[in-house]
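A.B. asks: Just dropping this structure here.
Rule-based calculations on the coordinates, nothing more; no lab input. Treat the numbers as computed from the prediction; the structure is a model and nothing was measured. Cβ sites come from the backbone with ideal geometry, for glycine too, and all protein chains shown count toward neighbours.
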Amino acid sequence: MDSFIRLVQDAQALQLNKNIANAAFDHAVILCEYLLKEAAEKGKDVRIITGELRNEFYNKLYNKAEAYLKDLKAKNKKIYIIIMSKKEQVEQELSSNKFAEFIVNDLKGEIKFYDRKDENCLHFFLVGDSSYRYETNHEKVKAVANFNNKDMGKILSMIFSDKQKKAA
């Protein structure tokens, strides 16, 4: 795990355009923590598309990245989230989600819902226009992350904008 953390630290600090493959829950938490660090250091907004804000993941992320979240608040930056489910399906879990609570109450960010009946549920965490973690297989937690890929960042940004227009 230490070598993975060093790889992520270097990629973030040096702004490397290097794909980082990851396929574990703990890797996802580490990458999202460093993406929040990136957002806080560079003063960039964060956009997330997910199927749900699972407490197991997002409460752990909140605990690890609370300082970065507070830096985002100090810089008046936002986190925008689209949950690809009906609100009623995830309301109970959201009520005990520290990450979601901070987004709405402290950052004055936005959580929207988009029922994904006939669409593939994309899961990604995008910072600015070039740093991201994008899941290629949600069930197996397989993903690729990069801290400086403007081409992929632009694609993810367009996907987010499209879903944001359709979300409630």
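A.B. asks: Grab the alpha carbons of the range 2-166, take their convex hull, and tell me the volume per residue in Å³.
C.D. replies: 104 Å³
A.B. asks: So in the range 2-166, what percent of DSSP beta bridges are antiparallel if you round to the nearest 5?
C.D. replies: The antiparallel fraction comes to roughly 65 percent.
A.B. asks: What lysines could a cross-link reach from LYS154, if we take a straight Cα to Cα line under 24 Å and drop same-chain neighbours fewer than 8 places away?
C.D. replies: List returned: LYS18, LYS37, LYS42, LYS44, LYS75, LYS77, LYS78, LYS112, LYS142, LYS163, LYS165, LYS166.
A.B. asks: Fewest first, what order do ASP2, ASP129 take by the number of other Cβ atoms within 10 Å?
C.D. replies: In increasing order of surrounding Cβ atoms, one gets ASP2, ASP129.
A.B. asks: Taking the Cα centre of the range 2-166 as the origin, how large is its charge dipole in debye, to the nearest 20, when only Lys and Arg (+1) and Asp and Glu (-1) carry charge on their Cβ atoms?
C.D. replies: It works out to roughly 420 debye.
A.B. asks: Take the alpha-carbon centre of the range 104-168, take the same for the range 71-101, and report the distance between them in whole Å.
C.D. replies: After rounding, the separation between the Cα centres reads 13 Å.
A.B. asks: Arrange the following residues from fewest to most other Cβ atoms within 10 Å of their Cβ: ILE20, ILE49, ILE5.
C.D. replies: Least to most surrounded, the residues fall as ILE5, ILE20, ILE49.
A.B. asks: Between ALA74 and ASN137, take the C-beta separation as r, use R0 = 41 Å, and let me know the FRET efficiency to the nearest 0.05.
C.D. replies: 0.70
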